[in-house]
1. State the number of residues belonging to the range 74-83 that are acidic (Asp, Glu) and either assigned to a loop (DSSP other than H, G, I, E, B) or touching a His at 6+ places or on another chain (Cβ under 7 Å) (or both).
2. Please enumerate the residues belonging to the range 362-375 that are part of a helix (DSSP H, G or I) and either crowded, with 20+ Cβ neighbours inside 10 Å or without any contact (Cβ under 8 Å) to a residue 24 or more places away in the chain (or both).
3. Scanning for something within 14 Å of the ligand (Cβ to nearest atom), surrounded by fewer than 16 Cβ atoms within 10 Å (Cβ to Cβ) and at pLDDT 95 or above, does the range 90-106 turn up at least one residue?
4. So, Glu278, is that one over 20 Å from Leu46 (Cα atoms) and more than 16 Å from the ligand (Cβ to nearest atom) or not?
5. Residue by residue through the range 168-225, note down the ones that are within 30 Å of Tyr316 (Cα to Cα), of a type in the set (D, E, K, R) and away from the ligand (no atom under 16 Å from the Cβ).
6. Specify which of the listed residues (Gly334, Gly327) is at pLDDT 95 or above and either within 16 Å of the chain's Cα centre (by Cα) or surrounded by fewer than 15 Cβ atoms within 10 Å (Cβ to Cβ) (or both).
7. Only residues that are over 17 Å from Phe249 (Cα atoms) and either among the basic types (Lys, Arg) or crowded, with 24+ Cβ neighbours inside 10 Å (or both): list them for the range 161-179, please.
8. Collect the residues in the range 289-307 that are assigned to a helix (DSSP H, G or I) and more than 7 Å from the ligand (Cβ to nearest atom), keeping them in residue-number order.
Amino acid sequence: MGSSSLSLSRIVSACSLALLVRDFVAAIVTTTTTTTTTSRRPRTFLVTGSTDGIGRHTCRRLASDGHMLLVHGRRDPSDPVVETLVRDLEDRGASRVAYLRADLGDLEQVRNLAEDAVAQLRSWQLPPEDDRSMPALDCLINNAGVFDPTPRRSAQGFDATMAVNVLAPFVLTRALLPCLIRGSDARIVTTSSVSQSRTLPDLDSLFARRFDGERRNDDGTNDQYHDFEPLPYSAHSSYAHSKLGDLLFTVQLSRLLSSYRPPEDDLLRTTSASLLLENLRRIQCLTMDPGTVNTKMLLAGWGPCGIPVGEANNTYILATSDEYAFGARAAKSGSYHFGWGMSDYARDDARLVDFWNKLSDCTGVSYDDLSRDCF
Ligand SMILES: NC(=O)c1ccc[n+]([C@@H]2O[C@H](COP(=O)([O-])OP(=O)(O)OC[C@H]3O[C@@H](n4cnc5c(N)ncnc54)[C@H](OP(=O)(O)O)[C@@H]3O)[C@@H](O)[C@H]2O)c1
């Protein structure tokens, strides 16, 4: 008891110090960015995890700027939370709002989410008879995330935290690239965390597929079973690995996009294909710590040691400010912001490639074939 209350008090004082430093940095960031935000004209955003916490706050700020919003959650559209959200965003001034539903713990639903997003954007931007042209998306914010104290498996058998926080953004981002290259000043903002792990376990174990279930015994009782021995589970380590995963995803994504070369040279013979290729290379990929914020996730895992949700502006700033546009001095594509420095793994070429290949193997999604549907 004594040692646990001692370590608790250490955690609390570390948290307080962190907040002091964070407030100082946030004050500087806010001062330097509020004067130069972009987006005087409506832009199009897709924000995952818009139904609560930082995602909802970000959507509120985007709505007040008059943007067009695709908001996402796992709740039914008739859920009062969703109805209130959409009404609230319209009341705040969003040009358009549409709600898209998908449980990100199921990769099939993630694919459907991308299709629904394209269909919604098309209905906003193109004539009804045009069901083939690709619409534009200016910014994808991969915000949705989960910290789950209970071990769970995703629909495809992965650790659910890794699936929602890392595999889903990997699949969704790839599926929306054809729209993002048609956007203007396009950005992909993926939420990491100061909690990003400083260690990276063996990737085969991290992404091992397992199926939990219950086995009925002869005496009528039920036993839990796992078709493989489960890893020693820690909700915090799973979360921390997933946030490291978001960082590695962003760094490698920016490298691939900025240097992408289509396999077929003749693609570049048309001006529009050349322009789209140039747009692809200029997509700004950013990641960050959104702040230590008193959302239900923080309360579940760490307690109320954060700032109020209404002050959590990092995500909004990264997605909208000129300071973070492609080519800005302060923000190279692939960079991490607002946290206390990024893991060394993000500078390790071999690890980045291994991690990326693992994501590709697990999801069956490739970024090598962009000319198939992008140009
Ligand atoms: N809060 C912090 O201090 C903190 C610090 C560092 C990083 N972050 C990151 O910030 C992001 C936002 O977190 P938050 O603190 O705002 O948490 P939050 O309040 O719990 O909101 C998370 C959002 O993601 C949605 N979501 C969760 N699991 C989902 C699933 N399986 N399918 C679809 N949607 C799902 C939630 O939907 P429901 O409304 O249905 O639950 C909610 O809209 C996360 O990526 C988190 O890792 C947060």
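The values are calculated or read from the model by the stated rules, or taken from the named source; none is laboratory data. What you see is a predicted model, and the numbers here were worked out from it, not measured in a lab. Reconstructed Cβ throughout: ideal geometry from the backbone, glycine too, with neighbour counts over all protein chains shown.
1. Looking only at the range 74-83, we keep the residues that are acidic (Asp, Glu), and these are 76, 79, 83.
Of the ones still in play, those that are also either assigned to a loop (DSSP other than H, G, I, E, B) or touching a His at 6+ places or on another chain (Cβ under 7 Å) (or both) are 76, 79.
Matching residues across the range 74-83 total 2.
2. First, the residues of the range 362-375 that are part of a helix (DSSP H, G or I): 362-363, 370-372.
Hits for the range 362-375 are Cys362, Thr363, Leu370, Arg372.
3. The initial filter retains those residues of the range 90-106 that are within 14 Å of the ligand (Cβ to nearest atom), namely 99-106.
So of that shortlist, the ones also surrounded by fewer than 16 Cβ atoms within 10 Å (Cβ to Cβ) come out as none.
Within the range 90-106 (the criterion being within 14 Å of the ligand (Cβ to nearest atom), surrounded by fewer than 16 Cβ atoms within 10 Å (Cβ to Cβ) and at pLDDT 95 or above), the answer is no, since none of the residues qualifies.
4. Numbers: over 20 Å from Leu46 (Cα atoms): yes; more than 16 Å from the ligand (Cβ to nearest atom): yes.
In short, yes.
5. Step one: filter the range 168-225 for residues within 30 Å of Tyr316 (Cα to Cα), giving 168-200.
Next cut, of a type in the set (D, E, K, R) only: 174, 182, 185, 187, 198.
Residues satisfying the conditions are Arg174, Arg182, Asp185, Arg187.
6. Details: Gly327 fails: at pLDDT 95 or above.
When all the criteria are applied, what remains is Gly334.
7. The first filter runs over the range 161-179 and keeps only residues over 17 Å from Phe249 (Cα atoms), leaving 178-179.
The answer is Cys179, and nothing else.
8. Leu299, Ala300, Gly301
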